[in-house]
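Everything below concerns the one structure shown next.
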Amino acid sequence: MTYNEFKQAVTGYAAQKGLTEYDLYYQASASTTVKAYKGEVDSFSDKTALGACFRCIIDGKTGYSHTQELSEKEAKRLVDDASACAGVLESTGFAAIYEGGGDYTALPQSAPEACDVDKLKQMAVEIERLALAEDERMVSVPYAYISFYRGETALANSHGVDLSNVQGGYTVLCEAVAEQDGRKFSGDAVGEYLTAEQIDLAAVAKEAVALAVGSIGGSTVPSGQYPVVFSRRMMCEMLSCFQSVFSGDAVQKGLSLLSGKEGTAIASEIVTLTDAPHLAESLCKTPFDDEGVPTFPKTLIENGVLKALLYDMQSAARAGRASTGNGRKRSYAGDVSVAPWNLCLQPGGQSFDQLLAGVERGVYITELKGMHASANASTGDFSLESKGWLIEGGKRSRPIEQFTIAGNFYRLLGDITGIANDFVLEGGVGSASALVKALSIAGES
Amino acid sequence: MIDRETAQLVLEQAVATGGDFAELFAEDTMRSNMKMIDDKLDTAIKGKRWGAGVRVFKGLRSVYATTNDLSRDGLLACAKKAAAAIGDSAAVLDIVLTPTVIETAHPVKLPLDSVALADKAALIRSAYGAIKAYSPEIVQAITDLIEWDQTVLIANTEGIFATDRRAYTRLFNTAVASDGTENQTGYDGPGRSAGFECFEEIDVQESARGAAQRAVTMLHARNCPAGRMPVAIDNGFGGVIFHEACGHSLEATSVAKGNSEFSGRLGEVIANPKVSATDDGTLPGNWGSLNIDDEGTPAQRNVLIQDGVLKGYLIDKLGGRRMEMAPTGSGRRESYQYAPTSRMTNTFIENGPDKNEDIIASIDNGLYAKRMGGGSVNPATGEFNFAVSEGYLVKNGKITEPVRGASLIGKGSQILLDIDMVGQNLALSQGMCGSESGTVPTNVGQPMIRVREITVGGR
């Protein structure tokens, strides 16, 4: 059964059951992934996946059901199970299906239709070759990986909204391992590209090797308070980890500490943070959110002042305002929650070297681990395994490892005293390197 | 789900271009999730995961293809894609499928479809209420009931044709305590490889109060001091230290290609002689248990470390080819969307010779990590981290004030040697483990242990 036939079966059965408030979300994707090892393609995958999720509101309560089997029988089960799920819940009083009528921004269609598989295979082998050739201390490349993805998202609802969007592109990943005196040092790098022409294997391989080789000879650092420069990629990871603090829903539920802070300074004056759902170079740009609401660019923090929070339909209704087009599902099978599309910390005017030059003695962070466990958006606390460089006299002096940085994200926002101009976008978050006045370092006593 | 004749045709198609092994994995999984937050039972989701993956090997090369179309034509098309990618020579295998009946060691009495939604709602309300009732400082609670019921079919060119059922049920309690300017959180997430009947054994109110107690305790805790110090790590989820510091580095995923610090070290002393560690997928009804793994190999008990000596690795079929060793019942995957790789099941440090009170008494100035959170590791370097979710300072052999926000970091090979006391209260705790083949349920565990010295990431 095609998706259109399935959609008709679902909406027909929903109408028969007397449902008047519902939507049907659909995702179909194809991905091709190639990994190389020791000069040949050692792993290849060709995956297709589809999924449909039906959501209905009955007496103010929202039930969900999803499937990966497009059949007449599943169409009925979807409607029956979502209705049953709604039946057991309690009304929040704010559930709503988008009524339509909004203006959608037409985005340039950049996702490639398909990839050249032979080319991908050559590129995977080439990543490994480039990484190994980059430095004589390189011993292996556990991941030389390239992946092509194309996914279509469609949304139709009981108010006549009927939308679709295609996303896609290429991801290149390289993990490099160097060895010296029997010890191994690793580094990894990622590149995301909209088209095959943009792919820059050498840049990814070089960055991974630079991290691996750069950490050779590293030792720990005395514990204490240090100014900390986050590399642009680590700053992206920090923002990604704590993005939920800007969710209107999290604020309403006490899971973010930004309640009542709109219009007040929550960050240093140089901080301007935006959500850019239409960003041309992004692999995840969309004209509509996962509830069908038009997306639009917005400023969350302007020169340190909290200007706006993000809302989906339900949290917006609770706040007495309109959705900001930030209703997002983690997968087709998930419920709608609130999240940015492309969260971007606006770059500053100085180069990375100029940013470092302002630090007499500090720490430059090039790797952070354990965010899923040791950073908590509800409290803002983080304590993270780190790797990087000691900064002395405004320059990188020696590699450091086996230390943690600890602090609180809310305080960190206020302590950002420098932002470089080396902006990079990665996985829907963009940032340049940034300097934070002080964080706790735990290393040697 | 798929008949034997279809499976036979699919496997023949998969090896038609010269593959020397092929496998068909199909699944039909019902998933359900119900959540209470902000005093409202406000989310209920039910759905079906449905799809298949065909994997083909030729020597050490592997190809994986997936589909959601489980009709004969859909599966044959999927097998054809895989075959086209592995080579262009002729078939070399004869395939004789032998239906195998899997006797379950993990019976499911109350699968998710057999329990009324109202009964699930009542259980959730009971736990939620216990979190909120714990203290006026608890400002928010989240109780999430997660269930999935998976039926898999596994057929391969070695002749396996088997189906298995795995049911998982877990209640996740989260408490948020606040004084108006600061938040602290506490978690507890008991679960079993079983149906809803697991709540006859699991005390959901106790779990809820535990989450609340941690949040409130941490709200009144000061920041953990930073530096290197001795740490006593208690039982249950404390076992995450072994999971991260050693377990991942014993998986063929990293060992086979020489990317683990424990590659090629079988028979060597890698840990303190007090340390013995096991991965046991056979424990009845346990969160990480299996009847057969996702490659059809029966689950087994794997001795990893015996009295400090490295005894074994965790090996899947492809890793086994590279290592020239037999699979250990460790081939796992989150779903048909992933090719399987070597993973842990229920992994724990065995009881040792020391008394818990002696462990605490031995520390002059250090940390008692009562509850741990998750962590991660880089097997190539052995560098790992994990979070302390409930910690206390230890002064002169006595547990004193609570401290918050700490993580522990180290290198696996060093930390195993630095575990110098092992207690006697072994307990297992449930977690979700992420790796190349997705996120799978695993148990971690240990008795209380002492680490001689480790970097504590405080402030």
Aspartates and glutamates whose Cα lies under 13 Å from that of B:K40, excluding same-chain neighbours fewer than 8 positions away: A:E90, B:D144
Neighbouring partner chain Cβ atoms per residue of B:375-388, average, 10 Å criterion: 6
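Chain A: Rg/Rh from Cα coordinates, Kirkwood Rh?
Rounded to two decimals, Rg/Rh equals 1.00.
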Where Cα atoms sit under 18 Å apart: lysine pairs in the range A:17-114 separated by 8 or more or lying on different chains: 4
As computed over chain B, the Cα convex hull volume per residue (Å³): 138 Å³
Restraint check, B:K48/B:K81; A:K261/A:K298; A:K298/A:K369, Cα-Cα greater than 22 Å: B:K48/B:K81; A:K298/A:K369
Exposed-loop-free span, longest in chain B, where GluC sites (Glu not before Pro) count as exposed if DSSP calls them loop and at most 13 other C-beta atoms lie within 10 Å: B:325-459
Helix B:117-133 vs. chain B, principal-axis angle (Cα, 0 to 90°, nearest 10): 20 degrees
Anchor B:K274: lysines whose Cα lies under 16 Å away (excluding residues fewer than 8 positions away in-chain): B:K311, B:K355
Kirkwood hydrodynamic radius over Cα pairs of the range A:216-292, then Stokes diffusion coefficient at 37 °C and 0.692 mPa s, in µm²/s: 201 µm²/s
Zone residues, the range A:371-404, relative to A:D353, backbone N less than 13 Å from point 7 Å out along Cα-to-Cβ: A:395-396
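If you take the accessible area of A alone, add that of B alone, and subtract the area of the pair, what total do you get in Å², probe 1.4 Å, to the nearest 100?
Chains A and B together bury approximately 5900 Å².
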Quotient of C-alpha Rg and 2.2 N^0.38 Å, computed over the range A:126-281: 1.42
Stokes-Einstein D (µm²/s) once Rh is taken as the Kirkwood radius of the range A:50-193 over alpha-carbon pairs, at 37 °C in 0.692 mPa s: 165 µm²/s
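Determine, for each peptide in A:417-423, A:127-133, the mean count of other beta carbons within 10 angstrom over its residues, then list the peptides with the highest first.
Working: A:417-423: 19.6, A:127-133: 21.6.
With the highest mean Cβ count within 10 Å placed first, the list reads A:127-133, A:417-423.
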Helix axis angle, B:204-219 relative to chain B longest principal axis, alpha carbon, degrees: 50 degrees
Residue mean of other protein chain beta carbons inside 10 Å, B:100-106: 0
Volume per residue of the C-alpha convex hull in the range B:271-415, rounded to whole Å³: 146 Å³
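Taking the Cβ of B:E357 as the center, what net charge do the other residues with Cβ under 13 Å away carry, scoring Lys and Arg +1 and Asp and Glu -1?
Net charge in that neighbourhood comes out at 0.
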Taking all pairs of distinct alpha-carbon atoms in the protein assembly as shown, Kirkwood radius in angstrom: 28.3 Å
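When the solvent-accessible surface of protein heavy atoms is calculated with a 1.4 angstrom probe, in what order do A:D59, B:D418, A:D135, B:D113 fall, highest first?
Working: A:D59 130, B:D418 10, A:D135 35, B:D113 100 Å².
Of A:D59, B:D418, A:D135, B:D113, the descending order of accessible area is A:D59, B:D113, A:D135, B:D418.
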Counted charge near B:R301, where neighbours are those whose Cβ lies closer than 9 Å (Asp, Glu -1; Lys, Arg +1): -2
Neighbourhood charge, 12 Å Cβ-Cβ cut-off, centred on A:K61 and excluding it, Lys, Arg +1 and Asp, Glu -1: -2
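Other chains near A:175-182: what is the mean number of their Cβ atoms within 10 Å of each residue's Cβ?
Across the residues of A:175-182, the mean count of other-chain Cβ atoms within 10 Å is 1.
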Å² per residue, accessible surface of the range A:254-380 at 1.4 Å: 35 Å²
Extended-chain gain in nm, criterion 0.36 nm per residue less alpha-carbon gap, A:R183 and A:A106: 22.4 nm
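The values are calculated or read from the model by the stated rules, or taken from the named source; none is laboratory data. Computed from a predicted structure; not experimentally measured. Neighbour counts run over all protein chains shown; Cβ positions are idealised from the backbone, glycine included. The accessibility values were calculated without ligands, DNA or RNA, using every heavy atom of the protein model including side chains. Shrake-Rupley method; radii C 1.70, N 1.55, O 1.52, S 1.80 Å.
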